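A.B. asks: Here it is: the structure, laid out below.
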Amino acid sequence: MPSSAPSQRQLRVGEQVRHAIAQALQRGDVSDDALANTVVSVSEVRMSPDLKIATAYVSPLGAADKEAVAAALNRHARFLRGRITPALRQMKYMPELRFRVDDSFENFNKIDRLLKSPEVARDLKDDDANEDDL
């Protein structure tokens, strides 16, 4: 039964692609109004098993519409692919780039707010009292 977890090779190549994309964005290689005055953080790149598709998860900082930033990056994906090619010259095939908004930070904040809510704090206090009785 094949594992659904990424292989070490996928993880290594994904990190190399993430680094190359981040450098290209930092240099300001992409010129688009949706990206103006926006810092784009590339939090993760997931590679397909055949390493031909790279899905980059980005967090636009300072952007009102995060989806518009992801759409702009997807419009310029072929251009970015060409810009990162020198950094990834060891690869047999240059992966197709796809960009998605990374909402994991928002999920972390939501969970943190839930854990700090009075209802959860009360329930946790009740659980601690029950454990002391044992």
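A.B. asks: With D126, D29, D133, D102 as the choices, which residue is within 14 Å of the chain's Cα centre (by Cα), acidic (D, E) and either open to solvent by 80 Å² or more (accessible area, probe 1.4 Å) or modelled with pLDDT under 90 (or both)?
C.D. replies: D102
A.B. asks: Residues in segment 23-65 that are of a type outside the set (A, V, I, L, M, F, W, C) and closer than 28 Å to A5 by Cβ: how many?
C.D. replies: 12
A.B. asks: To continue, here is another question. Only one of these conditions is not met by T38: (1) within 15 Å of the chain's Cα centre (by Cα); (2) closer than 18 Å to D102 by Cα; (3) surrounded by 17 or more Cβ atoms within 10 Å (Cβ to Cβ). Which number is it?
C.D. replies: The one condition T38 does not meet is (1).
A.B. asks: Also: For the structure I just gave you, tell me whether R18 is in contact (Cβ under 8 Å) with a residue 12 or more places away in the chain and in a helix (DSSP H, G or I).
C.D. replies: It is true that R18 is in contact (Cβ under 8 Å) with a residue 12 or more places away in the chain and in a helix (DSSP H, G or I).
A.B. asks: Just to be sure I understand, how many residues within segment 33-91 are modelled with pLDDT of 90 or more, assigned to a loop (DSSP other than H, G, I, E, B) and not basic (K, R)?
C.D. replies: The qualifying residues number 5.
A.B. asks: So, in segment 50-73, of the ones that are open to solvent by 10 Å² or more (accessible area, probe 1.4 Å) and closer than 15 Å to L97 by Cα, which residue ends up farthest from the chain's Cα centre (by Cα)?
C.D. replies: D50
The values are calculated or read from the model by the stated rules, or taken from the named source; none is laboratory data. Quick caveat, the model's predicted, so the values are computed rather than measured. Using ideal geometry, Cβ is built from the backbone for each residue, glycine included, and neighbour counts are taken over all protein chains shown. Areas reflect the complete protein model, heavy atoms only, side chains present, ligands, DNA and RNA absent. Shrake-Rupley method; radii C 1.70, N 1.55, O 1.52, S 1.80 Å.
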